[in-house]
Amino acid sequence: MTYTVEPLTDGGPDTGRHRAPDALWTRLGAVEARVREAVAARRALDPDPDDPYRGQYLTPEAAARILDEPGGLDLPEPEPERGREREREPAPEPEPWRPPAGSLLDGLVRRFGLTPLDLDLLLVVVAPDLDARFERLYGYLNDDLTRRRPTLGLALELCGLGGASPARFRLAPGAPLVDHGLVEVTEPERPPLSRVLAVPDRVTAHLLGDARPDARLAGVLDEVREDPTAGAADVRRAASAATTGVGLVHLRGRGGDAEGLAAAALAAAGLGVLALDAAALARRPAEVPALARVLAREARLTGSGAVLGPLTALPGEPAERARVLASLCAALRGLPLLTHGTVGWDPAWAADTPVVLDVEGPTPERQAARWRHALDRAAGDGGPATGDTVALARAVAAHRLDSGQLRRAADAAVRTAALDGRPVEPDDLRTAVRAQNGAGLDRLARRVEPGVGWDDLVLPPTTHRRLRELALRARHRERVLGQWGMRPGGGRGRGVVALFAGESGTGKTMSAEVVAADLGMDLYVVDLSTVVDKYIGETEKNLERIFTGASAVNAVLLFDEADAIFGKRSEVKDAHDRHANIESAYLLQRMESFDGIAVLTTNLRANLDEAFTRRLDVVADFPVPDAEQRLALWDRCLGARLPRGDDLDLAFCADRFELAGGSIRACAVTAAYLAAESGEPLTMGQVVTAVAQEYRKLGRLVLEGEFGPYLAQAAGA
């Protein structure tokens, strides 16, 4: 009989899945021939083969016949009854059948380590899933119409073997068919030879040419694409490490596309990619052992390797993380498993030790190439032009993005530009990159989306240069500290830490916002109320959560009034002093290993511990503005849209009122409210009234030497 199968599709357009292989149907025909022989032999011994109730009861004659059958323990065969010689089992095939090279069955044999007998047993068991006639035939051969699947004994019989043959252990735990999940042995309460065999649906689908992964993996598999800019030498090393020995490789990356390198290495080795979502596994730790077994079978079925990461997304509790990784490594042992993350490998995570490869951050040229590939792929045919890719990449050079984040950011930027029918611009990319930040840090700090730029700052040239230096350090840290190896030892991270020191209102917080805007990042202002805790050790835990969260997002972290937690260590006189010193010592160590961008602000620089100052990359002093700067601040704060009266004398305000930028802004806002109430353009009287109110708020006296001819109006404010 000839077997055919229609191409499998998912109901949509052609999916490219091919017809089930001819070798499968050819071999299934041999299984059918064996079944025919077994049915004929059984009917020849059956006194009433047409009995409609056969298989539902046992007659005395049938019981006697069973007792007279030869046993499976090499016992002598009894004398034949009624002059009829018992038929012998058919002789096994003289030469084991082997599938054609390169066929689906050949791949199954190689990847699962199957023998010809294993393959025959598998096809005997899967036959009812491919042809419903086998269900009825197996029910007849089992002498039980309700048992329509092959038993272990029947499977051996159809392969020309008896129940006492050592071949029965090819279907026992430890054998490839059972260990790798190709065949399931059910009904463990029955005697071994009577246990029913079944093939999982995913294995049957694979035999029919379906490449869709097991449905149980749907929630934990992620999309990953190979890094098109990965170096050939790096790809070869990773591919060689993954295809030798136990196949365990750990890619430790700091800014590089470790996930993309893993995918490129597997592709170079001729393997597919099964990328695991570490965060999804962290949400289902109890299911990991079962999922690991399913994943291992899927990897062997499809000839794939597994990619897992980042490891920091796995459960944070050490014992739970170790259990998850141990389950995965044990199930995938001997298969390529490439993990990635910024952390090193802990020997407690698995019985095997991986090959550890460092993945350095990409050069500016490679990063521009990554963005070009991602933007071109997102735009597709007929999409918006991407413009100058080098300039676009430079706009977000300070960000550390994995392949998934970069791909999603490129897609969002292209769709945003397409709405206006224009090429992708740097602002589109900055906005899209900021959107990749998770909400984890929002619970610990206040998020500020920058809305100011360099033109909004009025600062001395020296301070301005320090801010520019901070931005360029953040933008080029991967090249200087990574590629050029300028990072000192001692466990120092690749973070950039700056101190802004100056009186209140001199522009420290606004400057941090400008730097964040220049880098295309959000600003997160740490709220000290969420950090400082009266209980010993809790403050350090809160700070650790903040530092860890800041390292995981592309943002500038601002510690306002930093001297409250970065203060000087003191002589230990009691337990409180000792705890305060421990807290400061922890912060010193944590700042050393920080990988993000942080800004500390203080009104009293002398209050900071000298050890903190030594660890700072940039120190910017914010002096009180002089008269010329105050004039620029008054003009900037009042803006261009607020109507101004003819009597407004900003030069007088800048010369007489020695105020910081924050106070000038407060005065401008108060004066604007007064002008709005009057319905007239802003007058000098309203400005003087606002300044007098600010003076009283600051506890300063309203003196004639400062207010001059406006003293009377100021006194009545």
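If you check L137, L145, L161 for being assigned to a loop (DSSP other than H, G, I, E, B), within 16 Å of A41 (Cβ to Cβ), modelled with pLDDT under 90 and open to solvent by 40 Å² or more (accessible area, probe 1.4 Å), only one passes: L161. One residue stands out in the range 93-122 among those that are more than 39 Å from the chain's Cα centre (by Cα) and open to solvent by less than 50 Å² (accessible area, probe 1.4 Å): the one that is nearest to L24 (Cα to Cα), namely P99.
Yes/no matrix, rows are residues, columns are (1) modelled with pLDDT of 90 or more; (2) in a loop (DSSP other than H, G, I, E, B):
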{"position": "V203", "(1), (2)": "yes, no"}
{"position": "H206", "(1), (2)": "yes, no"}
{"position": "R212", "(1), (2)": "yes, yes"}
{"position": "G219", "(1), (2)": "no, yes"}
{"position": "V224", "(1), (2)": "no, yes"}
{"position": "D227", "(1), (2)": "no, yes"}
{"position": "A230", "(1), (2)": "no, yes"}
{"position": "R237", "(1), (2)": "yes, no"}
{"position": "A241", "(1), (2)": "yes, no"}
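The residues on offer are P192, P200, and the sole one that is open to solvent by 10 Å² or more (accessible area, probe 1.4 Å) and out of contact with any strand residue (DSSP E or B) (no Cβ under 8 Å at 6 or more places or on another chain) is P192. Filtered by the rule that a residue be part of a helix (DSSP H, G or I) and either open to solvent by 40 Å² or more (accessible area, probe 1.4 Å) or touching a Lys or Arg at 6+ places or on another chain (Cβ under 8 Å) (or both), the range 148-158 gives L152, L156, E157, L158.
Matching residues to (1) open to solvent by less than 10 Å² (accessible area, probe 1.4 Å); (2) in contact with a Lys or Arg (Cβ under 7 Å, 6 or more places away or on another chain); (3) among the β-branched types (V, I, T):
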site	(1), (2), (3)
C653	yes, no, no
C667	yes, no, no
A672	no, no, no
A675	yes, no, no
P681	no, yes, no
A692	yes, no, no
L698	no, no, no
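Inside the range 632-651, residues that are open to solvent by 40 Å² or more (accessible area, probe 1.4 Å) and over 54 Å from the mean Cα position of the chain (by Cα) make up a count of 5. Against the conditions (1) farther than 24 Å from S511 by Cβ; (2) within 55 Å of the chain's Cα centre (by Cα), K697 satisfies every one except (1). Of the residues making up the range 672-706, those that are over 26 Å from A640 (Cβ atoms) and in a helix (DSSP H, G or I) are Y695, R696, K697, L698, E704, G705, E706. Of all residues in the range 176-201, exactly one satisfies the criterion of being assigned to a loop (DSSP other than H, G, I, E, B) and among the small types (G, A, S), namely G181. Being small (G, A, S), open to solvent by less than 10 Å² (accessible area, probe 1.4 Å) and either on the phi < 0 side of the Ramachandran plot or touching a residue at least 60 places away in the same chain (Cβ under 8 Å) (or both) is a condition met by no residue of the range 309-320. Evaluated against (1) exposed (fewer than 15 other Cβ atoms within 10 Å of the Cβ); (2) touching a helix residue (DSSP H, G or I) at 6+ places or on another chain (Cβ under 8 Å), R422 falls short on exactly one condition, (2).
Just one of the listed residues (D427, D402) is without any contact (Cβ under 8 Å) to a residue 60 or more places away in the chain and either open to solvent by 20 Å² or more (accessible area, probe 1.4 Å) or closer than 17 Å to A516 by Cβ (or both), and it is D427.
The values are calculated or read from the model by the stated rules, or taken from the named source; none is laboratory data. Keep in mind it's a predicted model, so treat the numbers as computed, not measured. With ideal geometry, Cβ positions are generated from the backbone for all residues, glycine too; neighbour counts draw on all protein chains shown. Accessible surface areas use protein heavy atoms only, side chains included; no ligands, DNA or RNA. Shrake-Rupley method; radii C 1.70, N 1.55, O 1.52, S 1.80 Å.
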